[in-house]
Amino acid sequence: MDARTLHALELQRILAYLAGFAVSDAGFRACLELRPLRRPEPSAGDDGTAAFTAALRREADLFEQGRLFMERSGSVLVPFVAVDGLLRAVAAPGYVPDTDDLFALRGLLLQGKEMVAAVRGVPAPPEPGWPLWAERCAQLSLPVKTASALGRCLSDDGLIRDEASPELALVRGELRTLHRRCVNKVKDYIAEYNIMHFLQDDFMTLSSDRYVLPLKSNFKGRLQGVIHEYSRTGETCWFEPLFLVEINNRQQRLKQEEREEERRILRYLGELVREELPAVSAVYAFLRDLDVLCARVALAGCYDGRMADFAGDRGLLLRAARHPLLVLENSPAAREALSRAEQRMADSGPATESFIADTGAEKRGEKACVGPAAVVPSDIELPPGRRALIISGGNAGGKTVCLKSAGLIALMSLCSLPVPVAAGSVMPPWRNIRAFIGDAQSLEDHVSTFTAQIERLGRIWPDISDADLILLDEFGAGTDPSQGAALAKALVDSLTENGAMVMAATHFPSLKAYALSAPGVRAASVLFDPASQKPLFRLVYDQVGASRALDVAREHGLPDAVLRRAEQYLLPGGDDSAALIERLNALTAARASELDALNRERAEFAEKKRKLRGELEAERARLFDHLRAEAGKVLTDWKARRSGHKQTLKELARLRKDLNAEPGEKEAAPRVEVDLAALEPRARVRHVPWKRLGTVLEIDERKKRLRLDFDGVSLWAEAADVELSEENAADRDAAACGSRRGPAVPYAGLSLDIRGQRADTALSGLGQFLDRAVAGGREEVEIIHGRGTGVLRREVHSFLRGFPAVRAFRPAPGDRGGDGMTIVELK
């Protein structure tokens, strides 16, 4: 993958967002160094596609399983120190690490042991687990000796313990004994000679590892001893009395023995690390990869990302694709992550200055190439048999954004990063992505925009194959329009003949016609609102769009006099073709709106079906448990001889009858008798044998029968086979009660507590709760989901966004639960 494509599609900025979520320096660097997975070069009889696709799918499985592990286990990775320098240095024989390096390694190995144990705890089938990560941990050999030695020799504050060796414990014991002796001698000396007024403070201190007294400088000639140094003001001198000289000499020898013993211990620990260096490096790499995984999961959470699938025979399909950068810029968590990443890169020094400059330039110029279209989902589709997609339409309508979205999503997928697409998205396993986007002219190299594109094409032409995606943004626009269009068509022909997949944006009329007529090429257009003339940032297929240069110029402030003169210069017939395309645009916009409504209804139906299925399964499980408990109780009574044989069989038969009974059959409501004299035509009644509601057409009181209409089918029914519907019965009761009837009792529940429940069970109960609340006339309810890892809260919020009766929802105030509770406003 060439650097120009990575820069044009702004992969560096995505990696900066990703790195901001890493908790360690090692994970931070690994995120910034991510690059697309390399496809193996073709060999005799094998083009490497199958192996490359399998590798990409394995990376996708690793991500999905890792995300499940993070959600289910609740494990949190804490920051750990990078030990790359230590591992490189300790490989050399004779290297003695310092205490700080070993203390950092101690914490790293301790966390590695905990995380490996957590990953190895895979749930038992049929619960989904993370077998790929568990397999990696099973192959991981922990450095047991090194971890044990570091835990035994180093304390929690990073110092060497007395228990690290018997010799060290003995030396430090003597030092403590010597200190106590020294303190006692000094106290006795001060008391015997009454020299407390000679001292600045009533304590003993150390100077150059020797015990001294803080003597006032004007009394230095009164006592015998050695002056080591003076204070900064000169008023105090550090004085060693003669009786302390021998004690201090003994302390010096003990201190030297202590340092030698500590160095021997550090050398021993370094040898242990060197002995188990492969295992230590493996644990370090595991934690670094786990840090990158956590960053990828956090990145996916910013835009509900997922891994796209790869298949060489299914074409290109990116469902509900959004430009990743603009979605991230709209995410507060992502903005904070980018700020952290930029700060860490600035602290890293010159090594990342160029990276910061690149991301900063991209950030400043992003509005020119990434507009609001990035936040509007759009399907990018090129079915099998089509190798080129040519996008047309007005300026600022989102053509370049579609190209950059497809290219950046493909790059991120090849880097095993989650992308903002819907489920079912698939793309070919490309080896190279070539982006001809932006202005490549250079005064220093004496090349224009057009010649720069041609020179680059010439360099890569021999390497173009069926594993390439080529992105062309208005190719040929920098030269004569007729020649540029002819060159663009010839280029698309040649690229597709070589097997490459091409996506191009254009304003050339002849290239638009070519897209509609050429085999293997598909046309697409960006839509504009017919009324407001504003871009809708929607992509529709198998049609072309007008360039709308004059409309865009008018919207952006070009004087009307210039625009009128431009209209006079238009070629004859230009207005007619533009009007035709405008009509097609209006029809397509209306069709797109209808399809959106249909898709929303389909999604609501699918969600309702899923809920009902979940409720059915829950009810089935509840009924089965109840039946098993009742049957067990009956059999227990029989075995205990509390019931006879016949009574037991009777009870079991009753249980079977209850199980097979229709809902509501066990306690059927009493039938409401029909009073033919009080019944009026057009009333709604229920025909009991058919179990259907019908409308009364005629009433025959003499024969006691009624003629009913069932949606166009009419029949005479006996009065005994008819009962009042619930609504008519309610009306009758209301009329009988008159003003004595009070207001309906609203639904009393104001809150629902779903803490500790699985997401599917919680959402099923939440749907029923909201239905009852709406029926009860509630305007606001509370959902208590707790804080935890935030998974249940995200599922609840996603459910509330799609619930039709919800007007809005928000986190509760801090004194009412904060993020652990959501307040829902109902319509």
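Express in nm, to one decimal, how much length is gained between V375 and R152 on full extension, taking 0.36 nm for each residue of separation and deducting their alpha carbon distance. If you can, show how the numbers build up before the last one.
Working: separation 223, 0.36 × 223 = 80.28 nm, distance 5.51 nm.
Contour length minus the Cα-Cα distance gives 74.8 nm.
Which percent, nearest 5, of DSSP beta bridges in the chain are antiparallel?
Details: 54 of 78 bridges.
That works out to approximately 70 percent antiparallel.
At 7 Å along Cα-to-Cβ for each site, give me the label-to-label distance between A89 and R161 in nm.
2.5
For R340 and E619 in the same chain, what is the full-extension length gain: residue separation times 0.36 nm, less their Cα-Cα distance, in nm? It would help to have the intermediate numbers written out before the result.
On the way: separation 279, 0.36 × 279 = 100.44 nm, distance 4.94 nm.
Stretched out fully, the R340 to E619 stretch lengthens by 95.5 nm.
Which residues' amide hydrogens lie under 5 Å from the amide hydrogen of D309, considering only partners 5 or more residues apart or on another chain, with H built in the peptide plane?
Here S425, V426, M427 satisfy the definition.
Which residues in the range 755-794 place their backbone N less than 14 Å from a point set 7 Å from the Cα of R816 along the Cα-to-Cβ direction?
Inside the label zone: 779-785.
Specify the longest stretch of the chain that does not include any exposed loop site, a site being one of the chymotrypsin sites (Phe, Trp or Tyr not before Pro) with a non-H, G, I, E, B DSSP assignment and at most 16 other Cβ atoms within 10 Å. All intermediate terms of the calculation are to be shown ahead of the outcome.
Details: sites that count: Y95, F203, W690, Y747.
It runs 204-689.
Using the Karplus curve 6.51 cos²θ - 1.76 cosθ + 1.60 with θ = phi - 60°, work out ³J(HN,Hα) for each residue of the range 389-394 in order, rounded to whole Hz, and write x for Gly and Pro.
Once θ is set to phi - 60°, the couplings for the range 389-394 become 10, 10, 9, 10, x, x Hz.
Tell me, what is the percent relative contact order of the chain, built from C-alpha pairs under 8 Å that lie six or more residues apart? Can you show the working numbers first?
Details: 1135 pairs, mean separation 84.1, N = 827.
Computed value for the chain: 10 percent relative contact order.
At what distance in nm do the modelled label points of H197 and N330 sit from each other, each positioned 7 Å from its Cα along Cα→Cβ?
A separation of 8.3 nm, rounded to one decimal place.
For a quick check of understanding: with a 1.4 angstrom probe and all protein chains in place, what accessible area in square angstrom does T636 have, to the nearest ten?
70
Mind checking the per residue accessible area of the chain for me, 1.4 Å probe, whole number of Å²? Present the calculation step by step, with values, prior to reporting the outcome.
Numbers: 44740 Å² over 827 residues.
Ligands and nucleic acids excluded, the result is 54 Å² per residue.
DSSP loop (so not H, G, I, E, B), at most 14 other Cβ within 10 Å: list which trypsin sites (Lys or Arg not before Pro) in the range 439-530 pass both filters. Don't skip to the answer; put the middle values down first.
Numbers: sites: R456, R459, K489, K512, R522; in loops: none.
When the trypsin sites (Lys or Arg not before Pro) of the range 439-530 are filtered for loop state and at most 14 Cβ neighbours within 10 Å, nothing remains.
For D100 and V144 in one chain, what is 0.36 nm times their gap in residues minus the Cα-Cα distance, to one decimal in nm?
Working: separation 44, 0.36 × 44 = 15.84 nm, distance 2.02 nm.
Difference between extended and current length: 13.8 nm.
What is the Cα radius of gyration of the range 100-235 over 2.2 N^0.38 Å, N being its residue count? Working shown, then result.
Values: Rg = 27.5 Å, N = 136, 2.2 N^0.38 = 14.2 Å.
The value comes to 1.93.
For the range 80-166, just list the percent of Cα-Cα distances falling in each 5 Å bin from zero outward, please.
Per 5 Å bin, starting at zero, the Cα-Cα P(r) for the range 80-166 comes out as 3, 12, 19, 19, 17, 11, 9, 6, 3, 2, 0 percent.
Across 5 Å bins from the origin, how do the percents of Cα pairs in the range 773-827 run, short distances first?
5, 21, 30, 24, 15, 6, 0
Taking the C-alpha atoms of the range 1-143, how large are the radius of gyration and the largest Cα-Cα span, Dmax, in Å?
19.0, 56
Roughly speaking, what is the centre-to-centre gap between the range 171-235 and the range 54-81 when only Cα atoms are used, to the nearest Å?
Cα centroid to Cα centroid, the span is 61 Å.
Mind scanning K691/K827; K608/K633; K220/K255; K399/K489; K185/K216 and naming the pairs with a C-alpha gap bigger than 26 Å? Present the calculation step by step, with values, prior to reporting the outcome.
Numbers: K691/K827 34 Å; K608/K633 37 Å; K220/K255 28 Å; K399/K489 18 Å; K185/K216 20 Å.
Beyond 26 Å: K691/K827; K608/K633; K220/K255.
Quick check for you: which residues of the range 234-255 have the amide N under 11 Å from the point 7 Å beyond the Cα of T205 toward its beta carbon?
236-239
Please report, for the Cα atoms of the range 152-212, the Rg to one decimal and the Dmax as a whole number; what are they, in angstrom?
16.1, 47
Mean Kyte-Doolittle hydropathy of -0.5 or higher plus an axial Cα length of 20 Å or more: which whole DSSP H helices in the chain meet both? If you can, show how the numbers build up before the last one.
Details: long enough: 49-73 (35 Å, -0.30); 99-120 (31 Å, 0.41); 166-193 (41 Å, -0.48); 245-275 (45 Å, -1.61); 277-303 (40 Å, 1.22); 332-347 (23 Å, -0.95); 353-369 (24 Å, -0.79); 399-414 (23 Å, 1.34); 481-497 (24 Å, 0.24); 574-639 (95 Å, -0.74); 645-660 (23 Å, -1.35); 759-775 (24 Å, 0.49).
Span-like helices here: 49-73, 99-120, 166-193, 277-303, 399-414, 481-497, 759-775.
So, with a 1.4 angstrom probe, what is the percent of accessible area on the chain that is carbon and sulfur? Could you put the intermediate results ahead of the total?
Numbers: 23520 of 44740 Å².
For the chain, the apolar C and S fraction of the accessible surface comes to 53 percent.
I want the local charge near I390. Using Cβ-Cβ distances under 15 Å, sum +1 for each Lys or Arg and -1 for each Asp or Glu among the other residues.
+1
The values are calculated or read from the model by the stated rules, or taken from the named source; none is laboratory data. Just so it is clear, the model here is predicted, and its values are computed rather than measured. As a convention, Cβ positions derive from the backbone with ideal geometry for all residues, glycine included, and neighbour counts pool all protein chains shown. Only protein heavy atoms, including side chains, enter the accessible area calculation; ligands, DNA and RNA are left aside. Shrake-Rupley method; radii C 1.70, N 1.55, O 1.52, S 1.80 Å.
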